[in-house]
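> My questions will all concern the structure given below.
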Amino acid sequence: MSYARPSPGRGRKSSLLRIAVVEDHPAFRRGICEALESSGRYEVLPPCDDLPEGRELLAHQCPDVLLVDLGLPTGSGLTLIRMARVYWGARCTTAVLSVTGTEIKLMEAVAAGAKGVLFKSDPPQDWLRAVQMLETGQSPLHAGMAGAMLHMLDAREDTSARWRESRELLLLVSAGYTLAEVAIRTGQTEEEVGRRVRRVYDQFQHPVPELSPRELELMSLLNRGFTFKQCAEIMGVSESTTKTHSSRAYEKLGASNLQMALYEARMAGLIS
Amino acid sequence: MKPAWPVLSAEAARRTVWWAALLVALPLAVFSWWTYLQFPSRLQQLTPLKQVQVWHEELGQPVFRQDTVTGIVRTPPDWAAMRWQPAALPYVKELGASVDLPPDAPKRRVWLRLAVPEQVAGQGRLGLLGTRVMGGPWAIWVDGQLQQANLSDWRIQWNVPLRVALPLGAREVLLAVPYADPQGFAVGSLYVGPMDVVDTAWRERNFLHFEMARLMAAVAILMMVLSFQLALMRPQEPVFKLLGINGLVWSISCMQYFFDSTGQDALSVWFGSAVDSSITWTVVMAVIFAFEIEGIAVPWLRSAMVVYAAISTMLTLPMWDWQKNALIAQHYFNVAVFAVGLGVLGWHVLRRPRREGVAMFAALATQLGLGIHTLENLTNQRDPDSFFSFPMGTLVMYLVFMYVMSRRSVLAIDAAGRHEQELRARLDEQERHLAAQHALLQRLEVERRLTSQHETIMQDLHDRLGSNLTSALLQARSGVLSAQETVLLLQDLADELRHIGKSTAQDSRSLNQILGELRQRVQHRLAHGGIALEWDVDPELPPMSDRETGQHVRAMLSEAVANVVKHAGATRIRLRAWQEAGRVLIEVSDNGNGFDPATVEAGRGLPGMRQRAAALGGELAIESVAGQGTVWRLLLLSGG
């Protein structure tokens, strides 16, 4: 019995890319699902309308692209973004569904691991284009967010080649150029530009504590209320080993006791 | 922090001090009473010599110097010429009233014949004790032989009791004292007894004559050091200087208890002059100090006293050859001056009695009394057995002065404490006031910002959504909207919504950001209208100086693009923005119909645009030729 990462292959029906949508607005949810399915390239997983469903989905399946609304009825979609990152890592690419696009919120999502933003008011072909970019290792970017990223980048004291490359790209995008125009101006293919944008997103992503499978298993058992002795029995190790695992996990989570560690792990989406 | 001792109230602390003082004072008092008052003086174990016989020997007119005096003392008298007269002890010839004393005044030697009483025989070695001898160096003769003379410290013998060991079996003892006739002499009570008792009785007497005066001198030096230290630290306060000078001059006077100038005649005379003048200064300084403490404003009296002290010091210098009598006269003048000062102080204290004033008056009066006592009994040689009491008076004065000073300091500290408390209270009050005002200002500021934010958002909603909504509604009502157009209108509204409120969130946006935002807003619209957008923007345009500028630019650009979409019938629109010689140029050009600016301006929002351009301090140029498109150009000063 394992409480760690589930197998990603379970329930896979076809070779189509699998898209998960977590969105509480029914009309929009229907609209985007239809748009995605009608393209014939994607398999849309059963849509979720709130956090618990989203968690349940992520715990068992690895979507290739996860589209999340941040303002869900029972909490922030950020949790799901973090959870997807912890559970499935780079195999699952996450993007945010947004109406107004307040940059502060969006940058939080980027820090949590989101790789793009889809505006709900954009026409469906824009959504499809964005999803296509996401699943091919690229990222969409619009002027407002590029401006916000530029602002944060300028605050960093960095002059590396990567920093200059990012800055040049963000300057152009924030000045209103589309990625296609940027490609022409810089003499690259659109795909190259899209990948560069993805790298810019990566730069703003905060690291998550990387627990080993044993540590993760222990934390989720402790989260269910088991004592260390019970955990040791379940995991088939000695109690002192579980203590060692837990102290290592505390250290990685930056916590000094069990309560703090469980809180941090929950916030990072490691446990639910 | 927890104090190491329990904190006492002021009252309890005072009680504790009193009890502690009592615990020390009581055993001391019992001890003193037991040792000094209950035990009889050693003097009473000696036999007093009440009746003596005297003879005055004529010496001619020699000058008294160490060498001549030595000769006189060691020369035996003409034994045959002795004519004895009965006399009682103490035997004195008072100081003459004459101030003038020539060095060759007639000199005499007084001889006292003492019979050793029968009852002291058989008690071993006998000794002679004299309370005080004033005049030239004394000499003791027994059986026609000089036994002992006081040539080594006769200059201060008036303050050292006489003590001589008698040869065994001595029956008749002669005591000789040379003197100048106008100055006279004094021989105090004489006692005979066993030598050990004489020794201890001498120590007893010497304590009163000498040791006590030395102790008082130490007090004066201590006070002087303390006062000068304070005077250095607070030079603006004259009381410390006055007290320090007082201690200094009294210390000079007290040098007579530490140094003996016998054998150095010139030094001895000058030393005597310094000692006596210093007493004058002590008195004057004490009175001025009391005036200063009590705040008695009598500048003329003060000056007069200082002038008096200076003149009397000058007049009694040995160079005038007035010698001892002038000094004595000086002391009588001192008494007069002291009395005047004391009178003024007393008058003041009577009118405004304060604890310090009363204490000082009492102390100074005591000192004056003791000074007169000393002057009347000892200085004029009337009562050689008397006690030299003036130093005691000075001690009392100093103790009172110290009490006054410490009380003054304590009161000053108390006042400073009260003042500080008052200031602190006032400061606290002001701080509370300031904090309240600060809170009020903050609240007002928050309210102001909320209001202005609210207004901005409302303005945005009105400007951006309101007009679009209204026109959509009107068009929908009139039924002219196709499904396509409805989508377009709603798309516009949704796009606008994305940007509402951002202008408040970020106050200073760069021109690039404004342009980027503009593109996002209009791209759907243009795409829908089949108009190709060509974007040619310098990505590093300068930031806008303020929010209003950004809003004006945004509004003007929106209007310009809207005009193209609505009226131009263009298939291509080009937006250019670049920097040139410190200016920023934004150009919107199209390939549409064009128009005659002179005729159609009013209908296309152009007056409003010109107003905005003027408000920015920029220039707006519109070039259009019918059928060849329009160029709309805005020129802004960089950073403006």
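> In the stretch B:364-394, what count of residues is obtained for those that are surrounded by fewer than 20 Cβ atoms within 10 Å (Cβ to Cβ), of a type in the set (A, V, I, L, M) and under 19 Å from B:Val219 (Cα atoms)?
So the answer is 1.
> With the requirement that a residue be modelled with pLDDT of 85 or more, in a helix (DSSP H, G or I) and within 14 Å of chain B (Cβ to nearest Cβ), what does the stretch A:88-109 give you?
A:Leu106, A:Met107
> Inside the stretch B:170-268, counting only strands (runs of 3 or more DSSP E) that do not spill past its ends, which hold 1 or more residues that are charged (D, E, K, R)?
Numbers: elements: B:172-180, B:185-187, B:190-194.
Filter on the stretch B:170-268 gives B:172-180.
> Additional query: Take the conditions within 14 Å of chain B (Cβ to nearest Cβ), small (Gly, Ala, Ser) and assigned to a loop (DSSP other than H, G, I, E, B) and apply them to A:Gly176. Does it pass?
yes
> Follow-up. Quick one: count up the residues across the stretch B:117-156 that are surrounded by 18 or more Cβ atoms within 10 Å (Cβ to Cβ), touching a strand residue (DSSP E or B) at 6+ places or on another chain (Cβ under 6 Å) and among the β-branched types (Val, Ile, Thr).
3
> Taking B:Glu619 as meeting all but one of (1) at pLDDT 80 or above; (2) on the phi < 0 side of the Ramachandran plot; (3) buried (at least 16 other Cβ atoms within 10 Å of the Cβ), write down the number of the exception.
Only one criterion is unmet by B:Glu619, namely (3).
> Look at B:Gly608 and say whether it is away from chain A (no Cβ under 13 Å), within 18 Å of A:Thr178 (Cβ to Cβ), modelled with pLDDT under 85 and over 60 Å from the mean Cα position of the chain (by Cα).
Taking the combined requirement at face value, the residue does not satisfy it.
> Output the residues belonging to the stretch A:214-270 that are hydroxyl-bearing (Ser, Thr, Tyr), surrounded by 15 or more Cβ atoms within 10 Å (Cβ to Cβ) and under 17 Å from A:Arg82 (Cβ atoms).
Within the stretch A:214-270, just A:Ser220 meets the criteria.
> Given the options B:Glu376, B:Glu356, name the one that is of a type in the set (Asp, Glu) and without any contact (Cβ under 8 Å) to a residue 40 or more places away in the chain.
Going through B:Glu376, B:Glu356 in turn, the sole match is B:Glu376.
> Kindly indicate whether any position in the stretch B:131-141 is hydrophobic (A, V, I, L, M, F, W, C) and more than 60 Å from the chain's Cα centre (by Cα). If you could, list the steps in order and put the result at the bottom.
Pass one, the stretch B:131-141, residues hydrophobic (A, V, I, L, M, F, W, C): B:133-134, B:138-141.
When the remaining residues are screened for being more than 60 Å from the chain's Cα centre (by Cα), the result is B:140-141.
Among the residues of the stretch B:131-141, at least one is hydrophobic (A, V, I, L, M, F, W, C) and more than 60 Å from the chain's Cα centre (by Cα), which makes the answer yes.
> I've got another one for you. Checking B:Asp100 against (1) under 60 Å from the mean Cα position of the chain (by Cα); (2) surrounded by 14 or more Cβ atoms within 10 Å (Cβ to Cβ); (3) over 16 Å from B:Ser189 (Cβ atoms); (4) at pLDDT below 90, which single condition isn't satisfied?
Going through the list (1) under 60 Å from the mean Cα position of the chain (by Cα); (2) surrounded by 14 or more Cβ atoms within 10 Å (Cβ to Cβ); (3) over 16 Å from B:Ser189 (Cβ atoms); (4) at pLDDT below 90, B:Asp100 breaks only (2).
> When you scan the stretch A:177-229, how many residues do you find that are among the charged types (D, E, K, R) and farther than 30 Å from B:Val537 by Cα?
Residues of the stretch A:177-229 that are among the charged types (D, E, K, R), as a first pass: A:181, A:185, A:190-192, A:195-196, A:198-199, A:202, A:210, A:214-215, A:217, A:224, A:229.
Keeping just the survivors that are farther than 30 Å from B:Val537 by Cα gives A:210, A:214-215, A:217, A:224, A:229.
Result for the stretch A:177-229: 6.
> Residue by residue through the stretch A:112-121, note down the ones that are of a type in the set (A, V, I, L, M, F, W, C) and within 14 Å of chain B (Cβ to nearest Cβ).
A:Val117, A:Leu118, A:Phe119, listed by residue number.
> Under 7 Å between Cβ atoms, which residue pairs at least 6 apart in sequence (or on different chains) link something in the stretch A:122-141 that is away from chain B (no Cβ under 14 Å) with a partner that is among the aromatic types (Phe, Trp, Tyr)?
Short answer, once both residue conditions are applied: A:Ser139/A:Tyr201.
> In the stretch B:110-131, how many are in a loop (DSSP other than H, G, I, E, B) and in contact with a helix residue (DSSP H, G or I) (Cβ under 6 Å, 6 or more places away or on another chain)? Spell out the reasoning first.
As a first pass, look at the stretch B:110-131 and keep what is in a loop (DSSP other than H, G, I, E, B): B:116-117, B:121-125, B:131.
Retained after the next criterion (residues that are in contact with a helix residue (DSSP H, G or I) (Cβ under 6 Å, 6 or more places away or on another chain)): B:125.
Residues in the stretch B:110-131 being in a loop (DSSP other than H, G, I, E, B) and in contact with a helix residue (DSSP H, G or I) (Cβ under 6 Å, 6 or more places away or on another chain): 1 in total.
> Additional query: Kindly provide the set of residues from the stretch B:613-627 that are outside any strand (DSSP E or B) and in contact with a strand residue (DSSP E or B) (Cβ under 8 Å, 6 or more places away or on another chain), ordered by number.
B:Ala613, B:Leu616, B:Gly617, B:Gly618
> Take the residues in the stretch A:152-173 that are under 25 Å from the mean Cα position of the chain (by Cα) and more than 19 Å from A:Glu103 (Cβ to Cβ); name whichever of them is nearest to the other protein chains (Cβ to nearest Cβ).
Of everything passing the filter in the stretch A:152-173, A:Glu165 is nearest to the other protein chains (Cβ to nearest Cβ).
> Return the residues of the stretch B:2-16 that are surrounded by 10 or more Cβ atoms within 10 Å (Cβ to Cβ) and at pLDDT 85 or above; say none if nothing qualifies.
Taking the stretch B:2-16 as the starting set, the residues that turn out to be surrounded by 10 or more Cβ atoms within 10 Å (Cβ to Cβ) are B:8, B:12-16.
Once the filter is applied, which keeps residues that are surrounded by 10 or more Cβ atoms within 10 Å (Cβ to Cβ) and at pLDDT 85 or above, the stretch B:2-16 yields B:Ala12, B:Ala13, B:Arg14, B:Arg15, B:Thr16.
> Can you report the number of residues in the stretch B:485-509 which are at the interface with chain A (Cβ under 9 Å from one of its Cβ atoms), crowded, with 16+ Cβ neighbours inside 10 Å, in a helix (DSSP H, G or I) and modelled with pLDDT under 75?
Total meeting the criteria: 5.
The rows are residues; the columns are (1) within 14 Å of another protein chain (Cβ to nearest Cβ); (2) surrounded by fewer than 20 Cβ atoms within 10 Å (Cβ to Cβ); (3) at pLDDT 80 or above.
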residue	(1), (2), (3)
B:Leu511	yes, no, yes
B:Ile514	yes, no, yes
B:Leu526	yes, yes, yes
B:Pro543	yes, yes, no
B:Glu548	no, yes, no
B:Met556	no, no, yes
B:Ala560	no, no, yes
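> Same structure, new question: Go over the candidates A:Val208, A:Val197 one by one and state the one that is outside the structural domain of A:Ser247 (by TED's automatic domain parsing) and within 21 Å of A:Met260 (Cα to Cα).
Unique residue meeting the criteria: A:Val208.
> Looking at the stretch A:88-97, which of its residues are surrounded by 21 or more Cβ atoms within 10 Å (Cβ to Cβ) and either free of Cβ contacts under 8 Å to residues at least 40 places away in the same chain or touching a helix residue (DSSP H, G or I) at 6+ places or on another chain (Cβ under 6 Å) (or both)? Talk me through it step by step, then tell me what you get.
First pass over the stretch A:88-97, keeping only residues surrounded by 21 or more Cβ atoms within 10 Å (Cβ to Cβ): A:92-97.
Hits for the stretch A:88-97 are A:Cys92, A:Thr93, A:Thr94, A:Ala95, A:Val96.
> Does B:Asn159 fit the bill of being buried (at least 16 other Cβ atoms within 10 Å of the Cβ), in the same structural domain as B:Asp67 (by TED's automatic domain parsing) and without any contact (Cβ under 8 Å) to a residue 24 or more places away in the chain?
When the stated conditions are applied, B:Asn159 does not pass them.
The values are calculated or read from the model by the stated rules, or taken from the named source; none is laboratory data. Note that the structure is predicted; figures quoted are calculated from it, not measured. When we count neighbours, we look across all protein chains shown, and the Cβ atoms used for this are built from the backbone with ideal geometry, even at glycine.
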